[in-house]
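Here's the structure, in structure tokens; my notes come after.
Bear in mind that the values in this text are calculations on the coordinates, not laboratory data. From a predicted model like this one, the values you see are computed outputs, not experimental measurements. Cβ coordinates were reconstructed from backbone atoms using ideal geometry, including for glycine residues, and neighbour counts include every protein chain displayed.
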Amino acid sequence: MRKMIIAGNWKMYKTIPDALNLIRTLKPKLIGEKEVEVIICPPFNALSPLAEILVDSPIKLGAQNMHWEEEGAFTGEISGKMLLTSRVSHVILGHSERRKFFCEDDEIINRKVRKALETGLIPILCIGESLEEREANQTLKVLENQLLQGLSGIEIKDPARLIIAYEPVWAIGTGRNATPAQAQEAHLFIRDLLNRRYETEIANNINILYGGSVKPANALELLRQPDVDGSLVGGASLKAEDFFQIIQAGKEVCN
Ligand code: 13P
């Protein structure tokens, strides 16, 4: 049985006071929450202040990126070891915005995934096709390349240590989500790839999240798909009420 995971990727939004405000609204609503695993991924400077408020909360913290080295002369970068000291448990890697604006390729992403695992962080590896690729019937090929290269040389002993996020680029921030059938098709394909790569026991227990214009109005039908094990939410995670409603949709699917 895979756990339902709802993660919020805040991207480059929210100052520390704004971040604290949102968490002060969300935290009391999730006291004792066990069914759904909730992860918040704020900008780096909000991680430590939020960690302090969240000590006694089931809400987990994720970062949005990290470097593949532990330390060194890499101006402007942050390492997994540094994230750990802010009580971060997860890290988003390979997001399409990192691939596009910061020229991250599959090899760099693979190094980061390796380092995250070595450091004890749970990588949320993002993969997804662009609109041109979908229209050229390249979706499955792109997913295969990104997944297999991202995980190249990486053995997984515990399925809870890795999360995959399917985020079609054309659905991110556009208001145009993948249909539940499109999401399920991609997720099942990813599941099959994981099965080729890892033992069945492992592959069938890795969470695959859907991301791309998830909102309260469409969360339930997406989360009901058998291989959609949660969601990586962008815009709708910036409002406590919307994000909470998506978490509620996740709970509904669990029951
Ligand atoms: P939106 O939910 O704003 O489309 O963003 C999705 C995303 O990129 C999450 O990582």
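Summed over qualifying helices (DSSP H, 4 residues or more, each -39500 (n - 2.57)) and divided by its residue number, the chain shows a 222 nm mean residue ellipticity of -12500 deg cm²/dmol.
How much net charge surrounds ALA19 when only other residues with a Cβ under 14 Å from its Cβ are counted (Lys, Arg +1; Asp, Glu -1)? My count for the surroundings of ALA19 gives +3.
Using Cβ point charges alone (K and R +1, D and E -1), the dipole size of the chain about the Cα centre works out to roughly 520 debye. Just to confirm a number: summing +1 for Lys and Arg and -1 for Asp and Glu over residues other than VAL38 whose beta-carbon lies under 12 angstrom from that of VAL38, what do you get? Result for the neighbourhood of VAL38: +3.
Select from the range 33-82 those trypsin sites (Lys or Arg not before Pro) which occupy a DSSP coil region and have at most 10 other Cβ atoms within 10 Å, ordered by residue number.
Filter output for the range 33-82: LYS34.
Loop-located GluC sites (Glu not before Pro) in the range 94-182 (DSSP state not H, G, I, E or B) with no more than 15 neighbouring Cβ atoms inside 10 Å: GLU155. Between the amide H of VAL233 and those of ALA7, GLY8, ASN9, distances stay under 5 Å, these residues lying 5 or more places away or on another chain, with hydrogens modeled in the peptide plane. Only Lys, Arg, Asp and Glu carry charge here, each on its Cβ (+1 for the first two, -1 for the last two); on that basis the range 91-133 has a dipole of about 320 debye about its Cα centre. All other residues whose Cβ lies under 12 angstrom from that of ASN195 are scored, Lys and Arg at +1 and Asp and Glu at -1, for a net of -1. Between amide H atoms placed 1.01 Å from N, distances below 5 Å from LEU61 occur with ILE40, SER89, HIS90, all of them 5 or more places distant or on a separate chain.
Computed from phi, the 3J(HN,Hα) profile of the range 60-72 under the Karplus parametrisation 6.51, -1.76, 1.60 (θ = phi - 60°) reads 9, 10, x, 9, 9, 5, 7, 8, 8, 9, 6, 6, x Hz, with x in place of Gly and Pro. Annotation for the range 135-209: chymotrypsin sites (Phe, Trp or Tyr not before Pro) lying in DSSP loop with at most 11 further Cβ atoms inside 10 Å of their Cβ do not exist. Projected over all directions and averaged, the alpha-carbon convex hull of the range 58-134 occupies 6.0 nm². In this structure, the amide hydrogen of ILE78, modeled 1.01 Å from its nitrogen in the peptide plane, lies closer than 5 angstrom to those of HIS67, counting only residues at least 5 positions away or on a different chain. Out of every Cα-Cα pair that the chain contains, those further apart than 27 angstrom amount to 31 percent.
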